[in-house]
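First comes the structure, then the notes that go with it.
What follows draws every value from the coordinates through simple rules; no lab data is involved. What you see is a predicted model, and the numbers here were worked out from it, not measured in a lab. Ideal geometry is used to build each Cβ from the backbone, glycine not excepted, and the neighbour counts take in all protein chains shown.
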Amino acid sequence: EPEVTQTPSHQVTQMGQEVILRCVPISNHLYFYWYRQILGQKVEFLVSFYNNEISEKSEIFDDQFSVERPDGSNFTLKIRSTKLEDSAMYFCASSVDTNTEAFFGQGTRLTVV
Amino acid sequence: GESVGLHLPTLSVQEGDNSIINCAYSNSASDYFIWYKQESGKGPQFIIDIRSNMDKRQGQRVTVLLNKTVKHLSLQIAATQPGDSAVYFCAETSTGRRALTFGSGTRLQVQP
């Protein structure tokens, strides 16, 4: 069964450092997303990406965040200068179309120290 | 240590019983709804979805009911099993949007 894969599963970084979280969406999907979940809280939308551009983003997705699809398979989330409050689980998701089921990866746990 | 964050409502049921998990939403423009299951340390897993032109949809052991009048969504799990123990989230979106808005979640505990 096709699945969304994310690497690494856990990333520890020092405050102020840049991190890149990687995702391989399901191959025939066209819409890609990043969500985050702070420990014990609900899942929050960050950004959606379609046709090589951002199609929607939340207030959380400020100038410190960027996304990229560097090749035909990977989808990345970069945080330029991490803050302690960026510590969370980051989930990548993909879907065939909008308003269809989005499939989530297993997540990357980001710990900023 | 002390946990920080939202206190999840918990539904505790006996194995074999039926479970009903509820969700209220606020956006009257929402027209697509999904239930996700999240096990500890894993990503949300799709269970079932429903569009606003329907009020009921059934899957394998699961049924979703949608009441647009009161903006309420429920997930019914028949013959609940220990493997159903997880946190369940409803999520909503509307035509033209990309983002899913997730609810706060309900923890389902199945007692053997």
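Among the residues of the stretch A:74-113, what is the count of those that are of a type outside the set (D, E, K, R) and either assigned to a strand (DSSP E or B) or without any contact (Cβ under 8 Å) to a residue 40 or more places away in the chain (or both)? Residues meeting the conditions: 20.
Output the residues belonging to the stretch A:96-113 that are more than 9 Å from every other protein chain (Cβ to nearest Cβ) and either surrounded by 17 or more Cβ atoms within 10 Å (Cβ to Cβ) or not hydrophobic (A, V, I, L, M, F, W, C) (or both). The answer is A:Asp97, A:Thr108, A:Leu110, A:Thr111, A:Val112.
Please work out if A:Pro8 is crowded, with 18+ Cβ neighbours inside 10 Å, within 14 Å of the chain's Cα centre (by Cα) and touching a residue at least 24 places away in the same chain (Cβ under 8 Å). Spell out how you get there, then give the answer.
Values: crowded, with 18+ Cβ neighbours inside 10 Å: no; within 14 Å of the chain's Cα centre (by Cα): yes; touching a residue at least 24 places away in the same chain (Cβ under 8 Å): yes.
No, not satisfied.
Might you check whether a residue that is touching a residue at least 60 places away in the same chain (Cβ under 8 Å) and either within 14 Å of the chain's Cα centre (by Cα) or part of a strand (DSSP E or B) (or both) occurs anywhere in the stretch B:47-62?
Initial filter on the stretch B:47-62 (touching a residue at least 60 places away in the same chain (Cβ under 8 Å)): none.
No; the residues of the stretch B:47-62 include none that is touching a residue at least 60 places away in the same chain (Cβ under 8 Å) and either within 14 Å of the chain's Cα centre (by Cα) or part of a strand (DSSP E or B) (or both).
For the stretch B:74-83, a residue qualifies if it is assigned to a strand (DSSP E or B) and surrounded by fewer than 20 Cβ atoms within 10 Å (Cβ to Cβ), and the qualifying residues are B:Ser74, B:Gln76. Among the residues of the stretch A:31-87, just one is small (Gly, Ala, Ser), within 11 Å of the chain's Cα centre (by Cα) and crowded, with 17+ Cβ neighbours inside 10 Å, namely A:Ser48. Does the stretch A:52-73 include one or more residues that are assigned to a strand (DSSP E or B), in contact (Cβ under 8 Å) with a residue 40 or more places away in the chain and of a type in the set (Lys, Arg)? Within the stretch A:52-73, none of the residues are assigned to a strand (DSSP E or B), in contact (Cβ under 8 Å) with a residue 40 or more places away in the chain and of a type in the set (Lys, Arg).
Kindly establish whether B:Lys42 is in a loop (DSSP other than H, G, I, E, B), within 14 Å of chain A (Cβ to nearest Cβ) and surrounded by 14 or more Cβ atoms within 10 Å (Cβ to Cβ). Yes, satisfied. Every residue in the stretch B:84-112 that is touching a helix residue (DSSP H, G or I) at 6+ places or on another chain (Cβ under 7 Å) and outside any loop (DSSP other than H, G, I, E, B), please. Within the stretch B:84-112, B:Leu108, B:Val110 meet the criteria.
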